[in-house]
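Have a look at the structure below, then the notes.
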Amino acid sequence: MKGVEVRHLRYFMRVAQELHFGRAAEILGVSQAPLSQQIRQLEERIGVRLFDRTTRTVTLTPAGRALFEKSGEALLSFQDAIDEARTVGGLKAGRLRIGAMSSAIYSVLPKALRALSAQAPAVQFDMSFHTTEEQLPLLAERKIDVAFIRPPRSMSGLQTLEVHREGFAAVLPSTSPLAARKSLRVQDLKDENFIGFSDIRGISYQEIVFQHCRAAGFSPNIVQRVSHTKAVVVLVAAGLGIGVVPRWVEQEPMDGLVVRPLDELPEVISLVAAWRADGFNPFVELFVQCLKDVAREKTMK
């Protein structure tokens, strides 16, 4: 048996409101016979009688009253969805849901948001901040439209754009003897306890740090492992060890913490914007173009 269509509900609602097939047909812009046929078809597909009809009156049955109460809500929600689709399709208004790592704040994100807002002033932004590990499921479940993450090992179904690249810095407790130095080399860290990163998707650059440590003649003594750069910073400030982290931490001073660049390490920490290849939100394409423009401006400086 075929299902009920939106057309059936529209015709039913109009007849239920007017309780007169002639007036309902006139308002709907159809003739009375096809309208009656559609109502009979709806009753057949649902399997219940919706109207009691005589030569003079039309009244709703109990089943008809129940359908009338629920159909109004359904049609209203459906119309809202249509209106939203039409509006977003024309890029007049809509919502862009963005997930981001903290480092995105200090690179391209603010300028790209400003550029998109200039092109689509009515767009609303939803922002949330998560690790790469947390954002990948949000993208998969369509809970965010764009993610700012470290490049995942697996990018199935995703499109990505590198928007920023940076180097490394050592973070030290302010009480450390090393904190008095203005510059540091990797070999200066050989006797320190390290706060390391957990082995999660998107954190592949830690192995680069370990390679340089081994080249300097030591293997880092990892005393704690955490999944977020900010967690490394907090534990270091608490005096539990030292860390090697992305240089964006220089933008967030903290009591008890000293940051020193490690210029001998390469600038290989990549930040990418990622979005679903089969995404629906038309603002994503416009936002990606804004990101490309901002990234191009950075390279020209």
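Throughout, read-outs are computed from the coordinates displayed, never taken from laboratory work. The structure presented is a predicted model; accordingly, all values stated were derived computationally and were not measured. With ideal geometry, Cβ positions are generated from the backbone for all residues, glycine too; neighbour counts draw on all protein chains shown.
Between rounded, prolate and oblate, where does region 236-301 land on the alpha carbon gyration tensor, with a ≥ b ≥ c its root eigenvalues, rounded for a/c under 1.5, else prolate if a/b exceeds b/c?
prolate
Show that you can apply the helix-only estimate: for the chain, add -39,500 (n - 2.57) for every DSSP H stretch of four or more residues, divide by all residues, and state [θ] at 222 nm to the nearest 500.
Value at 222 nm, helices only, nearest 500: -13000 deg cm²/dmol.
Once fully extended, how much extra length lies between residue 285 and residue 181, figured as 0.36 nm per residue of separation less the alpha-carbon to alpha-carbon distance?
Working: separation 104, 0.36 × 104 = 37.44 nm, distance 4.65 nm.
This chain segment gains 32.8 nm when fully extended.
Using the basic label-point model (7 angstrom from Cα toward the beta carbon), what is the residue 297 to residue 238 distance in nanometres?
Going from the residue 297 label point to the residue 238 one covers 4.0 nm.
What FRET efficiency comes out for the pair residue 227/residue 7, r = Cβ-Cβ distance, R0 = 45 Å, nearest 0.05?
Efficiency at R0 = 45 Å is approximately 0.30.
Could you tell me which residue out of 229, 245, 127 lies farthest along the dipole of the chain toward its positive end? Charges go on the beta carbon: Lys and Arg +1, Asp and Glu -1, centred on the Cα centre.
127
How much of the calculated P(r) for region 168-266 lies past 21 Å, in percent of all Cα pairs?
22
Within 10 Å of each candidate Cβ there may be at most 11 other Cβ atoms; applying that plus a DSSP loop requirement, which chymotrypsin sites (Phe, Trp or Tyr not before Pro) in region 195-301 survive?
In loop regions of region 195-301 (DSSP not H, G, I, E or B), the sparsely surrounded chymotrypsin sites (Phe, Trp or Tyr not before Pro) are 280.
Once R0 is set to 25 Å, what does the formula 1/(1 + (r/R0)^6) return for the Cβ-Cβ distance between residue 138 and residue 264, expressed as a FRET efficiency to the nearest 0.05?
0.10
When the dipole is taken about the Cα centre of region 168-266, and only Lys, Arg (+1) and Asp, Glu (-1) are charged at their Cβ, what size is it in debye, to the nearest 20?
For this selection, approximately 60 debye.
What does the charge dipole of the chain about its Cα centre add up to, to the nearest 20 debye, if the Cβ of each Lys and Arg holds +1 and the Cβ of each Asp and Glu holds -1? Can you show the working numbers first?
Values: 38 positive and 33 negative charges, 146 e Å.
For the chain, the charge dipole is close to 700 debye.
Gain in length, residue 191 to residue 128, computed as 0.36 nm per residue apart minus the alpha-carbon separation, to one decimal in nm?
Contour length minus Cα-Cα distance gives 18.9 nm.
So how tilted is helix 6-18 from the main axis of the chain? Cα-based, degrees 0 to 90, rounded to 10.
For helix 6-18, the angle is close to 50 degrees.
When the chain is treated as a GNM, springs tying every alpha-carbon pair under 10 Å, which of 211, 159, 37 comes out with the largest mean-square fluctuation?
37
Checking the a/c ratio against 1.5 first, then a/b against b/c, what shape does the Cα gyration tensor give for region 1-60? Provide the component values of the computation, followed by the final result.
Working: a/c = 1.91, a/b = 1.28, b/c = 1.50.
Taking the square roots of the gyration eigenvalues as a ≥ b ≥ c, region 1-60 is oblate.
With r defined as the distance between the Cβ atoms of residue 31 and residue 95 and R0 fixed at 41 Å, what FRET efficiency is calculated, to the nearest 0.05?
0.45
Which one of 186, 161, 13 is farthest out on the positive end of the charge dipole of the chain, using unit charges on Cβ (Lys, Arg +1; Asp, Glu -1) and the Cα centre as origin?
13
Identify the GluC sites (Glu not before Pro) of region 219-301 meeting these criteria: DSSP loop state and at most 15 other C-beta atoms within 10 Å of the C-beta.
Here the sparse-neighbourhood loop sites are 264, 267.
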